[in-house]
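*Asks:* If you scroll down you'll find the structure; I have some questions about it.
The values are calculated or read from the model by the stated rules, or taken from the named source; none is laboratory data. What you are looking at is a predicted structure, and each value in this text was computed from that prediction instead of being measured. Cβ sites come from the backbone with ideal geometry, for glycine too, and all protein chains shown count toward neighbours. Side chains included, ligands, DNA and RNA excluded: accessible areas come from the protein's heavy atoms. Shrake-Rupley method; radii C 1.70, N 1.55, O 1.52, S 1.80 Å.
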Amino acid sequence: MNILVINGSPKGERSNSYQLTKAFLEGMKQGVFEEDKDKEVTVEEFLVNRLDIKPCLGCFNCWNKTPGKCCIIDDMEKVIEKLLWADITIWSFPLYYYTVPGSLKNLIDRQLPMELPFMVEREDGVGNGSHPSRYDMSGKKTVVISTCGFYTAEGNYDGVRSLFDHMCEKNKYTTIFCGQGELFRVPELSKRTGEYLEWVKRAGKEYVKGGIRKETQQELDKLLYPKEVFERMADASWGIEKESGKREPEALLFTRQMAALYCKESYSGKDQVLEMYYTDLDECYQVIMGKEGSEVLTDGFQPATTRIETPFGVWRSIAMGEIRGDEALMKQLYKVKGDFSLMLNWDSYFGGGKAAEKKETQEGKEGENNKKTNMNLMLIPWIVFWVAAAINPFAGSLISIFTCAVVPLFFFRNKKTIYDILSGSLVTGLSIAVLMGGSVRLLIPLSYLAFGVMWIVTCLVKIPLTANYSMNSYGGEEALKNPLFIKTNRILTFIWGILYLLTPIWTYFIMGTQIGYLTGAVNSVLPVLMGLFTLWFQKWYPAKVARGN
Ligand SMILES: Cc1cc2nc3c(=O)[nH]c(=O)nc-3n(C[C@H](O)[C@H](O)[C@H](O)COP(=O)(O)O)c2cc1C
């Protein structure tokens with residue numbers, strides 16, 4: 001397969017549009033390899049601005065005096081040669097004044113020798129006539145990839161579409177047009193732009209396998225950021241002070257860009273003041289996170305809700321995705337003082353509207369991946385057994401078996417964990433043992449022991465038991481990548497595990513007394529206190545680490 005890339009951006013390889021083209025090419029190569037690993041893909045590229053292509057003289061010599069040959073001797077000859085060689089030509093360029101850049105238009109004009117002078121009707125209804133091709137171009141394909149500076153590509157590409165409708169045939173070429181193109185050069189936004197490039201890559205792969213799928217196209221048509229966020233970011237990106245027009249310090253520009261990502265839909269109900277202190281630069285700025293948006297203060301500071309003390313380079317690396325913020329915090333590369341909850345919800349505040357969008361799509365979908373775990377489904381069989389079997393061993397065991405049979409019905413709405421399944425099986429087993437005449441005085445303490453062992457053992461695995469459930473309040477499965485979240489949960493799981501390993505001791509004795517039937521109720525007191533401790537600990541511990549203590 002021969003692929004020709006015509007890069008019409010004056011920025012050459014640094015072109016925003018070319019980032020998309022590179023991703024598309026990568027996808028194409030991968031797609032071809034997957035279809036037939038022996039098939040060769042050859043890519044040739046032209047940087048239009050490095051070519052010597054003079055403007056067309058309009059002499060029509062290429063039609064009458066020297067058919068098929070231009071009278072100007074320059075690089076256009078080799079461009080035509082490659083256009084004829086290529087199976088697929090990718091036109092990659094920025095949008096300039098609603099059309100292609102001048103130098104590229106020049107190249108397009110100089111394709112005249114490739115056409116015959118005669119007038120023919122078009123079958124696709126575009127325009128009122130055209131010229132037949134001098135060469136057999138059937139089977140050749142065209143892809144048009146372009147970025148533009150406005151927030152959306154919609155409505156800006158009429159000129160380009162019209163040009164390519166005439167050049168190729170209407171609907172006979174593939175396009176990727178993307179607004180907010182300048183964001184592809186901002187490393188701090190690489191998380192979002194990288195995500196978009198992944199979709200472009202996927203599009204390339206699907207293209208060679210028969211066509212870009214509808215879902216992929218929908219992702220490509222999405223805005224990189226909501227209009228408002230993008231426009232604030234674009235304004236900030238020039239690094240110029242609005243009033244004086246002077247250049248702003250780099251850290252201030254960076255803080256403004258971060259503030260531009262603030263998603264006001266995540267407003268917590270009261271204004272929050274995020275103070276950024278760049279320790280190496282000794283520069284301090286505040287971001288006011290308000291109901292209507294964010295504002296950056298350079299003086300006249302307000303009492304800070306949360307203060308981040310960080311070397312500038314560290315925070316920048318986090319923003320660029322070079323290091324994870326939570327990992328850097330664990331390594332004490334920066335400190336957080338004041339209210340730590342802002343950090344826990346960082347993505348919903350500064351995810352540039354992604355969090356709101358994610359929430360929307362999750363609300364729309366009820367698919368398997370969007371189901372949440374529910375700790376109650378793991379606990380209920382145990383609690384029923386502990387309370388009911390202690391009051392009446394026979395009836396209590398039957399009720400417990402019934403409960404274990406009913407709980408799985410909730411898995412239609414909730415995501416099940418291995419611990420939900422294990423709990424159901426263990427409680428059923430213990431209940432059957434009671435029904436078969438086993439001693440409740442032994443089996444109930446044994447059940448606490450089994451429960452405690454289940455918790456303790458998970459402290460040794462990658463994801464401790466509580467993390468499987470508490471992740472729902474901390475951004476879902478993403479939280480499982482957060483070492484601080486995992487460490488907090490490991491400690492909590494361990495403490496809970498110890499409590500249940502010890503519980504059998506006094507349970508055995510209580511079961512032997514007259515209030516044995518109340519064992520379940522008595523044993524609920526400590527877990528309630530532990531529950532309160534857990535609520536406090538899961539906020540206190542990360543905040544303590546963040547303060548650098
Ligand atoms: C001379 C000039 C004209 C431009 N005209 C438009 C335009 O009409 N519409 C638009 O959305 N962006 C316009 N832009 C912005 C570029 O399309 C945008 O910055 C693009 O991402 C640059 O892509 P590149 O890095 O591939 O060259 C223009 C930029 C320049 C320099």
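*Asks:* So, by mean Cβ neighbours within 10 angstrom, what's the order for 262-269, 380-387 with the highest one leading?
*Replies:* Most protected by this proxy first, the peptides run 380-387, 262-269.
*Asks:* Only bridges whose two residues both fall in segment 236-354 count here: according to DSSP, what percent of them are antiparallel, nearest 5?
*Replies:* Percentage antiparallel, nearest 5: 75.
*Asks:* Ok, one more. Just need the Rg to Rh number for segment 370-547, please, alpha carbons only, Kirkwood Rh.
*Replies:* Taking Rh as the inverse mean 1/r over Cα pairs, Rg/Rh reads 1.00.
*Asks:* Still on this structure: Compute the long axis of helix 190-208 from its Cα atoms, compare it with the longest principal axis of the Cα atoms of the chain, and write down the angle in degrees, 0 to 90, nearest 10.
*Replies:* That helix lies at roughly 60 degrees to the long axis.
*Asks:* What whole-number value in cubic angstrom gives the convex hull volume per residue for the C-alpha atoms of segment 2-224?
*Replies:* Cα convex hull per residue, to the nearest whole number: 129 Å³.
*Asks:* Can you pull the Rg over Rh of segment 15-89, Cα-only, Kirkwood?
*Replies:* 1.11
*Asks:* When ligands, DNA and RNA are left out and all protein chains stay put, how many square angstrom of accessible area per residue does segment 236-354 have with a 1.4 Å probe?
*Replies:* Roughly 48 Å² per residue, with all protein chains present.
*Asks:* For the residue pair Asn61 and Lys337, what label-to-label distance in nm results when each label sits 7 Å from Cα along the Cα-to-beta-carbon direction?
*Replies:* 7.7
*Asks:* Counting Lys and Arg as +1 and Asp and Glu as -1, each charge on the Cβ, what is the dipole of the chain about the Cα centre in debye, to the nearest 20?
*Replies:* In debye, rounded to 20, the chain gives about 1400.
*Asks:* Also, I was wondering about something else. Given labels modelled 7 Å from the Cα in the Cβ direction, how far is it in nm from Leu480 to Asn370?
*Replies:* Using points 7 Å along Cα→Cβ, the separation is 2.0 nm.
*Asks:* Taking the DSSP beta bridges in the chain as the whole, what percent of them are antiparallel, to the nearest 5?
*Replies:* Beta bridges within the chain, antiparallel portion: roughly 40 percent.
*Asks:* Continuing with the same structure: Give the residue from Trp346, Gln257, Asn489 lying farthest towards the positive end of the charge dipole for the chain; charges sit on Cβ (+1 for Lys and Arg, -1 for Asp and Glu) and the dipole is referred to the Cα centre.
*Replies:* Value: Asn489.
*Asks:* Also, quick follow-up: How many percent of the accessible area of the chain is carbon or sulfur, using a 1.4 Å probe?
*Replies:* Of all accessible area on the chain, carbon and sulfur atoms account for 57 percent.
*Asks:* Give the share of C-alpha pairs in each 5 angstrom bin for segment 389-464, from 0 to the last occupied bin, in whole percents, shortest bins first.
*Replies:* Answer for segment 389-464: a P(r) of 3, 15, 23, 21, 17, 13, 6, 1 percent.
*Asks:* Taking 0.36 nm per intervening residue step and subtracting the Cα-Cα distance, what contour gain separates Asp221 from Glu81 on full extension?
*Replies:* 47.0 nm
*Asks:* On to the next question. Tell me the angle of helix 16-35 to the major Cα principal axis of the chain, expressed in degrees between 0 and 90 and rounded to the nearest ten.
*Replies:* Relative to the chain, helix 16-35 is tipped by roughly 80 degrees.
*Asks:* What fraction of the Cα pairs in the chain, stated in percent, has a spacing above 42 angstrom?
*Replies:* Tail fraction, whole percent: 44.
*Asks:* Using a Förster radius of 25 Å, what is the FRET efficiency between Glu265 and Val457 based on their Cβ-Cβ separation? Nearest 0.05, please.
*Replies:* 0.05
*Asks:* How far is helix 76-85 tilted off the main Cα axis of the chain, in degrees rounded to 10, range 0 to 90?
*Replies:* The two axes meet at around 60 degrees.
*Asks:* Now, a different point. Report the calculated FRET efficiency for Leu535 and Glu195 (r = Cβ-Cβ distance, R0 = 41 Å), to the nearest 0.05.
*Replies:* For Leu535 and Glu195, the calculated efficiency is 0.75.
*Asks:* With a 10 Å radius around each residue's Cβ, average the other Cβ atoms per peptide and rank 36-43, 14-21, 433-440, highest first.
*Replies:* So the order, starting with the most tightly packed, is 14-21, 433-440, 36-43.
*Asks:* With 29 Å as the limit, write out which pairs from Lys11/Lys214; Lys140/Lys227; Lys54/Lys140; Lys82/Lys227; Lys191/Lys227; Lys291/Lys487 have Cα-Cα distances beyond it, or answer none.
*Replies:* As for pairs spanning more than 29 Å Cα to Cα, those are Lys11/Lys214; Lys140/Lys227; Lys82/Lys227; Lys291/Lys487.
*Asks:* Separate question: Starting from the coordinates of the alpha-carbon atoms of segment 236-354, obtain the Kirkwood hydrodynamic radius over all distinct pairs and give the value in Å to one decimal.
*Replies:* Hydrodynamic radius (Kirkwood, Cα pairs) of segment 236-354 is 14.6 Å.
*Asks:* Another question about this same structure. If packing is taken as the average count of other Cβ atoms within 10 Å, what order do 212-225, 83-96 fall into, highest mean first?
*Replies:* 83-96, 212-225
*Asks:* Same structure again: Take the alpha carbon gyration tensor of segment 166-272, find the square roots of its eigenvalues, order them as a ≥ b ≥ c, and report rounded if a/c is under 1.5; if not, report prolate when a/b exceeds b/c, else oblate.
*Replies:* prolate
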